[in-house]
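Comments concern the structure below.
The values are calculated or read from the model by the stated rules, or taken from the named source; none is laboratory data. Every value quoted in this text rests on a predicted model; they were computed, and no experiment measured them. When we count neighbours, we look across all protein chains shown, and the Cβ atoms used for this are built from the backbone with ideal geometry, even at glycine. Remember, those area values only see protein heavy atoms, side chains included, never the ligands or the DNA or RNA. Shrake-Rupley method; radii C 1.70, N 1.55, O 1.52, S 1.80 Å.
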Amino acid sequence: MQRINREESFRAKEERLKDLFARGLAGNNAAYQTFLGELSSHLRAFLRKRLIRLPDEVEDLVQEALLAVHNQRHTYDPSQPLSAWVQAIARYKLVDLFRRRAIYEQRTDTLDDGMDLFSSADAEAAEARRDLNKLLADLPDQFRLPIMHTKLEGLSVREAADLSGMSESAIKVGVHRGLKALAAKIRGAQ
């Protein structure tokens, strides 16, 4: 019952906004102003939900979205829901905001933070490779080879079967049982 009421409420809002928008496009300035006012309330609610951690950005984004709706009003297809068209515009504005913030945050990162990354990344990768090779060395060939060929070298099951002389089903079983054995070893080592 509550779901039906929400759907009816949504349809009523959609129809009202669509009517105001159409009248505004036809030259009724008062209807267009009412449309923009009501739409701004809906946009504000939509964006607040998505910008919980950035509440100061909501109003700017509402204005950007309203401006985009106004500038792109000629692209609206009256046979389509107005809400979908407006929501697409609002989402694009939201994505633009996230991109701008990401670029800004990249530019303001200190170089010292990056230096730690470069110094430890290679050492950690080499250490992980060494540990993995130790674990794999303890596995029988029927488990080790399928894992190495498919998971580490990126070969298909058929290619791994051709290379190792095993059947495709043996490769699949070997990978499954081998990974299970590795997981058990790792759990036992902790």
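Annotations for the structure displayed:
- Here Glu105 passes the criteria (1) open to solvent by less than 100 Å² (accessible area, probe 1.4 Å); (2) at pLDDT 80 or above; (3) not hydroxyl-bearing (Ser, Thr, Tyr) except the one numbered (2).
- If you filter the range 61-78 down to residues that are surrounded by fewer than 16 Cβ atoms within 10 Å (Cβ to Cβ) and free of Cβ contacts under 8 Å to residues at least 40 places away in the same chain, you find that the one that is nearest to Leu47 (Cα to Cα) is Gln63.
Yes or no, residue by residue, for (1) polar (S, T, N, Q); (2) under 20 Å from Ala84 (Cα atoms):
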residue	(1), (2)
Glu14	no, yes
Leu25	no, yes
Asn28	yes, no
Ser40	yes, yes
Asp56	no, no
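- Residues in the range 79-98 that are exposed (fewer than 11 other Cβ atoms within 10 Å of the Cβ) and not hydrophobic (A, V, I, L, M, F, W, C): Ser79, Gln80.
- Scope the range 167-190; condition open to solvent by less than 80 Å² (accessible area, probe 1.4 Å) and charged (D, E, K, R); matching residues: Glu168, Lys185
- Residues (surrounded by 14 or more Cβ atoms within 10 Å (Cβ to Cβ) and over 32 Å from the mean Cα position of the chain (by Cα)) located in the range 22-50: Ala22, Arg23, Gly24, Leu25, Asn28, Ala31, Tyr32, Thr34
- Boolean, Arg53 is exposed (fewer than 12 other Cβ atoms within 10 Å of the Cβ), modelled with pLDDT under 90 and assigned to a loop (DSSP other than H, G, I, E, B): yes
- Condition met for Glu127 (more than 30 Å from the chain's Cα centre (by Cα), surrounded by 10 or more Cβ atoms within 10 Å (Cβ to Cβ), at pLDDT below 85 and assigned to a helix (DSSP H, G or I)): yes
- For Leu82: the one exception among (1) of a type in the set (A, V, I, L, M); (2) farther than 17 Å from Ser40 by Cβ; (3) modelled with pLDDT of 90 or more; (4) in contact with a helix residue (DSSP H, G or I) (Cβ under 9 Å, 6 or more places away or on another chain): (2)
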